[in-house]
1. Going through the stretch 170-195 one residue at a time, which ones are under 22 Å from Gly131 (Cβ atoms) and among the small types (Gly, Ala, Ser)?
2. If I ask for residues that are part of a helix (DSSP H, G or I) and in contact (Cβ under 8 Å) with a residue 40 or more places away in the chain, which ones from the stretch 234-257 would you list?
3. Among the residues of the stretch 59-96 satisfying the criterion of being over 20 Å from the mean Cα position of the chain (by Cα) and among the hydrophobic types (A, V, I, L, M, F, W, C), which is modelled with the lowest pLDDT?
4. Mind listing whichever residues of the stretch 228-243 are open to solvent by 20 Å² or more (accessible area, probe 1.4 Å) and either among the basic types (Lys, Arg) or in contact with a Lys or Arg (Cβ under 7 Å, 6 or more places away or on another chain) (or both)?
5. What is the one condition in (1) at pLDDT 95 or above; (2) part of a helix (DSSP H, G or I) that Ala48 does not satisfy?
6. I'm trying to understand the selection: among the residues of the stretch 164-203, which are under 24 Å from Thr109 (Cβ atoms), assigned to a loop (DSSP other than H, G, I, E, B), open to solvent by less than 20 Å² (accessible area, probe 1.4 Å) and touching a residue at least 60 places away in the same chain (Cβ under 8 Å)?
7. Taking the residues in the stretch 88-112 that are in contact with a strand residue (DSSP E or B) (Cβ under 8 Å, 6 or more places away or on another chain) and not in a strand (DSSP E or B) as candidates, determine which candidate is farthest from Phe181 (Cα to Cα).
8. Quick check: anything in the stretch 204-211 touching a residue at least 60 places away in the same chain (Cβ under 8 Å), on the phi < 0 side of the Ramachandran plot and either assigned to a loop (DSSP other than H, G, I, E, B) or among the charged types (D, E, K, R) (or both)?
Amino acid sequence: MTSTRERQRAAARARLEKEMAERAARARKRRQTQAIAGATLALLLVVAGTVWLATSLGGDDDKTGTDTAASGQAQCAYTEIPSDQRTKETKDVGLPATQQSTTGVQTMTIDTNLGPITAKVDRSLAPCTAGAFTHLAEKNFFDNSKCHRLVTEGIKVLQCGDPSATGKGWRETDGTGGPSFRMAEENLPTDKRPPYPAGVIAMANSGQPGSTGSQFFIVYGDSPLDPNYTVLGTITGGMDIVNDVAKAGDDKAFAQQAGGGHPKKEITITKLAMSAPQG
């Protein structure tokens, strides 16, 4: 039998081993905490340095932006599509000027085979989009193109602005054409209900930020669209033409994709013009 003294020695060894294990565990935890704290501090220093660098480098830009706004000019970014990403539906008429006026109101006149449609475009709300439209109009970009899509259920829009949608009949590529550049969205109606009421002209995009091109839609009934599309202007005349096209319906060609189809009553833009800014 084990003596009482041997049992006491064994118990003492067990207590000592337990205490040493606990000390080692506490030491490991302390080292881990210090390592995490050090890494966190390093990360904070990197973030702080990045913020400082961005602030330092961006100081002049902020000042320029203020000066630009005060001078009635906006700095616009028109991103050119690389040549290897263009299709035969892309119509290259160059890039608009990067400096665009933020003052004045323009009149957009859309002459169609069914009669003229006019709209008011406020430069202060969408200077870059207005500038792009003015550039495209001056290059006869929209002339003889058909409004290729009508949605009579839900969003209630007539979509136009594809320069490749021309000639007789319809093609599968109708709705895929545009200019050789893209631009950022602006003047988004995030505080409006509904965001796109009847009579609004807004810009179509692919759903990705910065994908606005030349295609636009005329809203002929209050639309529940999410406010992700640039509001370009408001119809001032010819809304009856759009309503007549809507009443004739569509052929459901896009029903399984984006919705709607080609207008059964064809409407062709014979000429689109933008007036000089007034006021």
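The values are calculated or read from the model by the stated rules, or taken from the named source; none is laboratory data. The structure displayed is predicted, hence computed values, not measured ones. Methodologically, a virtual Cβ is constructed for each residue, glycine included, from the backbone with ideal geometry; neighbour enumeration extends over all protein chains shown. Keep in mind that these areas ignore ligands, DNA and RNA; they rest on the heavy atoms of the full protein, side chains included. Shrake-Rupley method; radii C 1.70, N 1.55, O 1.52, S 1.80 Å.
1. Taking the stretch 170-195 as the starting set, the residues that turn out to be under 22 Å from Gly131 (Cβ atoms) are 177-189.
Selection gives Gly177, Gly178, Ser180, Ala184.
2. Residues of the stretch 234-257 part of a helix (DSSP H, G or I): 239-248.
Residues satisfying the conditions are Met239, Ile241, Val242, Asp244, Val245, Ala246.
3. As a first pass, look at the stretch 59-96 and keep what is over 20 Å from the mean Cα position of the chain (by Cα): 59-73, 83-84, 87-89, 91-94.
From what's left, among the hydrophobic types (A, V, I, L, M, F, W, C): 69-70, 93.
On the way: Ala69: 51, Ala70: 57, Val93: 98.
Only one residue fits best here, namely Ala69.
4. Those that are open to solvent by 20 Å² or more (accessible area, probe 1.4 Å) and either among the basic types (Lys, Arg) or in contact with a Lys or Arg (Cβ under 7 Å, 6 or more places away or on another chain) (or both): Thr234, Thr236.
5. The failed condition is (1).
6. Asp174, Gly177
7. Looking only at the stretch 88-112, we keep the residues that are in contact with a strand residue (DSSP E or B) (Cβ under 8 Å, 6 or more places away or on another chain), and these are 89-93, 95-96, 98-102, 104-112.
Narrowing further to those that are not in a strand (DSSP E or B): 89, 92-93, 95-96, 98, 102, 104.
Working: Glu89: 13, Asp92: 8, Val93: 9, Leu95: 7, Pro96: 9, Thr98: 12, Thr102: 21, Gly104: 25 Å.
The residue in question is Gly104.
8. We begin by selecting, within the stretch 204-211, every residue touching a residue at least 60 places away in the same chain (Cβ under 8 Å); these are 210.
Checking which are on the phi < 0 side of the Ramachandran plot leaves us with none.
Looking through the stretch 204-211, none of the residues is touching a residue at least 60 places away in the same chain (Cβ under 8 Å), on the phi < 0 side of the Ramachandran plot and either assigned to a loop (DSSP other than H, G, I, E, B) or among the charged types (D, E, K, R) (or both).
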